[in-house]
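Below is one structure; the comments refer to it alone.
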Amino acid sequence: MMKLTAVGKRVPRIDGPEKVTGQTTFGADLALPGMVWGAVLRSPHAHAHVRGVGTGEAEKMPGVLAVLTGQDFPRTDFSGVPVLALTKVRYQGEPVAAAAAETYEQAVAALSKVEVDYEPLPVVNDVREAIGPDTPRVHEVSEDPDLPNVCGVAAVNRGDVDAGFAEADHIFEDTFETPWVHQGFLEPHCALASASPTDDRITIWTSTQDQFGQRAGIAYILGLHMNRVRVIGLPVGGAFGGKIALCVEPVCAELSRRTGRPVKLVVSRREDFVATRPCGAAVLELKTGVRKDGGLVALQARLLFDTGAYAGAQNDNGASLVQGPYRIPNLAVKSYAIYTNKPAAGARRALASPHVHFAIESQMDIIAHALRLDPVEMRRRNALREGDPVLGDMEMPYTIAARVIECAAERAGWSTRPSPSRRSGRKVRGRGIAAGHWSIWASRSAAWVQLTDDGSISVVTGAIDLTGTTTSFAQIAAESFGVPVERVSVHQGDTETGPRNDGSWNSRILFSVGEAVRRACEDAKGQLTKQIADHWEVAPDEVHVAEGRVGGPRGHTLTLGEAAARAGEDLGAIIGRASLSDLPLSIAVAAQVAEVEVDTETGQWQLTGLTCAQDVGLAINPMSVEGQIEGAASQGLGYAMCEEYVYDEHGRLLNPDLQDFRIPTSVDHPEFAIRLIQEQQDGGPFGAKGVGEPPLVPTAPAIANAIFDAVGVRVRALPITPERLYRELHRED
């Protein structure tokens with residue numbers, strides 16, 4: 001471990017005081033002079049032809065300035081999703097019309113006068129039904145002619161699966177299910193658009209994870225060049241993958257163009273649940289061959305991902321991740337994205353990984369118990385090592401998985417857990433372990449770093465700060481120049497004032513943009529040392545920057561500010577720049593041990609302890625890293641305990657709010673024990689990895705395995721509600 005002064009320290013978030021005192025301005029807080037309000041009319045049907053949309057009466061309503069229908073948006077977004085429905089609606093809540101008026105109430109009243117002629121159609125509710133021979137078609141085309149409603153197929157093949165099964169001493173076949181869930185963010189989708197009255201320029205303020213992606217999508221839909229669209233990403237009140245795609249922004253922008261006024265649109269909580277981008281369900285069928293010593297030899301999987309009404313990417317990720325963090329020489333995976341009459345599926349932290357790891361980690365436990373092997377030992381002996389195939393045809397870059405598993409077990413005191421034979425009574429306890437992995441890719445990242453004449457440093461990125469990455473950028477810059485963190489300011493530019501960055505997703509911001517910040521600092525230092533070397537008439541490699549000073553031979557020394565001012569006389573300013581799109585493959589491994597108490601008479605259970613071990617490379621800010629692990633594990637608890645969209649046979653969501661869509665509260669959380677494994681071996685800044693998504697992956701299967709350990713009953717569908725567990729406990733009755 002290198003000696004570090006700013007990186008690796010527990011630094012409170014720079015934006016913390018503003019947020020906890022309510023000073024941060026979120027999207028719904030914004031207002032502009034002359035602003036009017038927008039609203040959206042949504043389909044009450046999950047599946048219907050739209051035979052006509054009449055807006056005449058709506059346009060006559062008081063205060064109404066514009067009414068839009070699908071005819072006003074001839075282009076869909078890049079993934080084929082219409083802004084407003086044209087001839088068909090494919091899920092309850094799909095937008096059909098929009099209006100702008102002087103007040104929100106007037107806009108809603110106008111939409112109540114829009115006449116929509118629907119012809120209801122049969123509803124496709126379940127992925128297994130969706131691929132049946134006589135099922136209705138959500139769309140008229142299918143990627144697989146033998147399987148209707150399939151919109152994407154991903155396959156991973158390795159070795160010879162038939163030979164692997166022939167080699168196996170035992171074969172296990174299991175099916176697992178995961179539900180539709182909302183991301184659970186507190187701030188609903190919102191946007192404010194202002195179109196210029198003199199040209200085609202338009203500015204949009206929005207709560208988004210990807211302001212540059214939004215700019216490209218809005219420009220495409222409206223038929224504008226991207227330099228005519230400015231997107232200003234606002235502070236985000238939660239996202240977790242749910243604010244990547246366009247939502248209300250194109251409607252807001254077009255309403256502003258039509259009215260010549262700024263238009264604000266904030267969706268209701270019900271709209272956010274029914275009609276944005278929740279995370280889709282999955283059915284996961286695994287067939288695994290194993291030797292009698294527990295060695296995995298073959299895996300065959302069929303994964304059915306519910307992508308809702310429009311195509312998503314869950315099946316691609318699921319196919320590459322389903323092997324878990326384990327060596328499996330023979331693999332045959334086929335993963336399908338399947339249309340149903342649900343909203344278009346989005347991500348919820350670690351796209352598809354919680355689904356497939358619930359399956360593989362549950363089955364790993366099933367195998368371990370059947371072979372009378374310790375579940376920790378079963379995982380340890382199969383853990384990925386450096387050079388093993390992973391993510392399809394990639395290679396695991398390091399040997400770390402077994403160590404993470406061992407650390408979680410050791411920290412939780414795994415060897416001291418009571419055996420099932422020693423448990424009795426109505427309330428029993430159990431422990432379960434699970435592991436998981438997640439890959440982090442660089443994508444496009446850039447940063448600017450300016451050194452001022454007093455030695456302070458200004459960092460500019462175009463990356464949306466969701467998780468305290470702004471504070472970590474300040475630490476990276478401070479470390480690079482050897483100055484206190486307080487001497488660094490970090491600015492989140494928009495699509496016109498910041499360098500191009502891909503979105504804040506995939507745990508890539510600290511890993512990739514943080515490395516761009518570090519490289520931009522090195523670029524600035526290079527400019528500085530070259531100019532000072534010229535002044536001192538020495539070679540550039542004889543000049544160095546350390547501890548906030550610039551030093552050289554023969555006792556030459558300047559403060560950072562003095563050096564910047566002198567170098568600026570020749571250069572004008574010291575501005576370091578860095579842009580990258582590729583870094584070495586980064587794979588983060590997490591393992592968790594859950595402890596539960598189960599009431600065998602009612603099926604009620606409580607998480608009483610959770611130990612989390614994670615490979616983080618290097619924790620730039622351990623406080624922030626631990627917070628990310630706690631937050632992700634909390635969402636994993638939601639998967640396991642209670643979170644689930646409930647639809648009726650007509651495709652209508654029955655729990656579209658935070659009262660009926662239950663999420664864990666403070667009383668459901670025990671203290672989490674966290675172990676950070678740091679080896680500084682990755683391509684991120686100072687060896688850091690992305691940390692936000694991996695800790696969600698193992699939580700639900702660890703809890704499921706703990707419940708089995710307690711009561712000897714396995715529930716193969718999430719969430720493990722008391723009702724589901726009760727039915728399994730009393731199946732014979």
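The values are calculated or read from the model by the stated rules, or taken from the named source; none is laboratory data. Note that the structure is a prediction, hence the values are computed from the model and not measured. Every residue, glycine among them, receives a Cβ derived from its backbone with ideal geometry; neighbour counts consider all protein chains shown.
Points worth noting:
Residue-by-condition table, conditions (1) more than 21 Å from Gly308 (Cβ to Cβ); (2) in contact with a Ser or Thr (Cβ under 9 Å, 6 or more places away or on another chain):
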{"site": "Gly324", "(1), (2)": "yes, no"}
{"site": "Val333", "(1), (2)": "yes, yes"}
{"site": "Pro343", "(1), (2)": "no, yes"}
{"site": "Ala352", "(1), (2)": "no, yes"}
{"site": "His355", "(1), (2)": "no, yes"}
{"site": "Arg381", "(1), (2)": "yes, no"}
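- Only one of Gly54, Gly70, Gly38 that is touching a helix residue (DSSP H, G or I) at 6+ places or on another chain (Cβ under 6 Å), surrounded by 13 or more Cβ atoms within 10 Å (Cβ to Cβ) and in the same structural domain as Ile221 (by TED's automatic domain parsing): Gly38
- Qualifying residue in segment 484-502 (condition: in contact with a Leu (Cβ under 7 Å, 6 or more places away or on another chain) and crowded, with 21+ Cβ neighbours inside 10 Å): no
- Of the residues making up segment 147-171, those that are among the β-branched types (Val, Ile, Thr) and within 23 Å of Arg137 (Cβ to Cβ) are Val150, Val153.
- Residue match in segment 314-327 (condition: charged (D, E, K, R) and assigned to a loop (DSSP other than H, G, I, E, B)): yes
- Of Thr470, Thr452, Thr461, all but one fail to be out of contact with any helix residue (DSSP H, G or I) (no Cβ under 9 Å at 6 or more places or on another chain) and not basic (Lys, Arg); the exception is Thr470.
- Screening Glu542, Glu597 for residues that are surrounded by fewer than 24 Cβ atoms within 10 Å (Cβ to Cβ) and not assigned by TED's automatic domain parsing to the domain that holds Val428 leaves exactly one candidate, Glu542.
- Considering residues of segment 200-221 that are of a type outside the set (Ser, Thr, Tyr) and assigned to a strand (DSSP E or B) only, the residue nearest to Ala239 (Cα to Cα): Trp205
- Taken as a whole, the condition of being of a type outside the set (A, V, I, L, M, F, W, C) and buried (at least 22 other Cβ atoms within 10 Å of the Cβ) does not apply to Glu285.
- Pairs, first closer than 19 Å to Asn315 by Cβ in segment 128-147, second surrounded by 15 or more Cβ atoms within 10 Å (Cβ to Cβ) and of a type in the set (D, E, K, R), C-beta under 6 Å, six or more apart: Thr135/Glu129; Val138/Arg90
- Filtering segment 305-332 to residues that are crowded, with 24+ Cβ neighbours inside 10 Å and touching a Leu at 6+ places or on another chain (Cβ under 7 Å) leaves Gln314, Asn315, Asn317, Gly318, Ala319, Val322, Gln323, Pro325, Ile328.
- Selection count, segment 545-566, where residues are of a type in the set (Gly, Ala, Ser) and touching an Asp or Glu at 6+ places or on another chain (Cβ under 9 Å): 4
- Some residue of segment 101-114 being over 27 Å from the mean Cα position of the chain (by Cα) and closer than 14 Å to Tyr339 by Cα: no
- So Thr206, is it under 29 Å from the mean Cα position of the chain (by Cα), outside the structural domain of Arg662 (by TED's automatic domain parsing) and in contact (Cβ under 8 Å) with a residue 60 or more places away in the chain: yes
- Looking across Phe185, Phe172, one residue alone is farther than 22 Å from Gly631 by Cβ and aromatic (Phe, Trp, Tyr). It is Phe172.
- The selection criterion, being surrounded by 18 or more Cβ atoms within 10 Å (Cβ to Cβ) and among the basic types (Lys, Arg), holds for Arg379.
- Taken together, Thr198, Thr208, Thr203, Thr259 contain a single residue that is at pLDDT below 95 and either touching an Asp or Glu at 6+ places or on another chain (Cβ under 9 Å) or surrounded by fewer than 24 Cβ atoms within 10 Å (Cβ to Cβ) (or both), which is Thr198.
- Positions within segment 380-403 being touching a Pro at 6+ places or on another chain (Cβ under 8 Å) and in a helix (DSSP H, G or I), in sequence order: Ala401
- For segment 18-46, a residue qualifies if it is small (Gly, Ala, Ser) and over 18 Å from Pro250 (Cα atoms), and the qualifying residues are Gly22, Ala31, Gly34, Ser43, Ala46.
- Members of segment 111-124 that are touching a strand residue (DSSP E or B) at 6+ places or on another chain (Cβ under 6 Å), surrounded by 13 or more Cβ atoms within 10 Å (Cβ to Cβ) and either at pLDDT below 95 or not aromatic (Phe, Trp, Tyr) (or both): Leu111, Val114, Val116, Pro120, Leu121
- Of the candidates Arg714, Arg675, Arg727, Arg731, the single residue that is under 15 Å from Gln363 (Cα atoms) and over 22 Å from the mean Cα position of the chain (by Cα) is Arg714.
- Long-range neighbours under 6 Å by Cβ, at least six apart or interchain, first residue closer than 15 Å to Met623 by Cβ within segment 1-24, second surrounded by 11 or more Cβ atoms within 10 Å (Cβ to Cβ) and small (Gly, Ala, Ser): Ala6/Ala478; Arg13/Gly468
- Only one of Ala564, Ala588 that is of a type in the set (A, V, I, L, M, F, W, C), under 29 Å from Lys689 (Cα atoms) and touching a strand residue (DSSP E or B) at 6+ places or on another chain (Cβ under 7 Å): Ala588
- Failed condition for Asp660, given (1) over 23 Å from the mean Cα position of the chain (by Cα); (2) closer than 30 Å to Val550 by Cβ; (3) not hydrophobic (A, V, I, L, M, F, W, C): (2)
- Boolean, Ala590 is buried (at least 20 other Cβ atoms within 10 Å of the Cβ), under 19 Å from the mean Cα position of the chain (by Cα), in a strand (DSSP E or B) and small (Gly, Ala, Ser): yes
- Just one of the listed residues (Glu129, Glu115, Glu143) is among the acidic types (Asp, Glu) and in the same structural domain as Gly54 (by TED's automatic domain parsing), namely Glu115.
- Helices (runs of 4 or more DSSP H) fully within segment 463-579 that include at least 1 residues being aromatic (Phe, Trp, Tyr): 469-481, 514-536.
For every residue, the table says whether it meets (1) within 30 Å of Pro584 (Cα to Cα); (2) assigned by TED's automatic domain parsing to the domain that holds Leu718; (3) in a strand (DSSP E or B).
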site: Ala633; (1), (2), (3): yes, yes, no
site: Leu637; (1), (2), (3): no, yes, no
site: Ala640; (1), (2), (3): no, yes, no
site: Gly651; (1), (2), (3): no, yes, no
site: Asn655; (1), (2), (3): no, yes, no
site: Leu658; (1), (2), (3): no, yes, no
site: Val667; (1), (2), (3): no, yes, no
site: Leu676; (1), (2), (3): yes, yes, yes
site: Gln680; (1), (2), (3): yes, yes, no
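- Exclusive hit being over 24 Å from His182 (Cβ atoms) and part of a loop (DSSP other than H, G, I, E, B), set Leu224, Leu246, Leu286, Leu255: Leu224
- Residue match in segment 9-30 (condition: at negative phi and in a strand (DSSP E or B)): no
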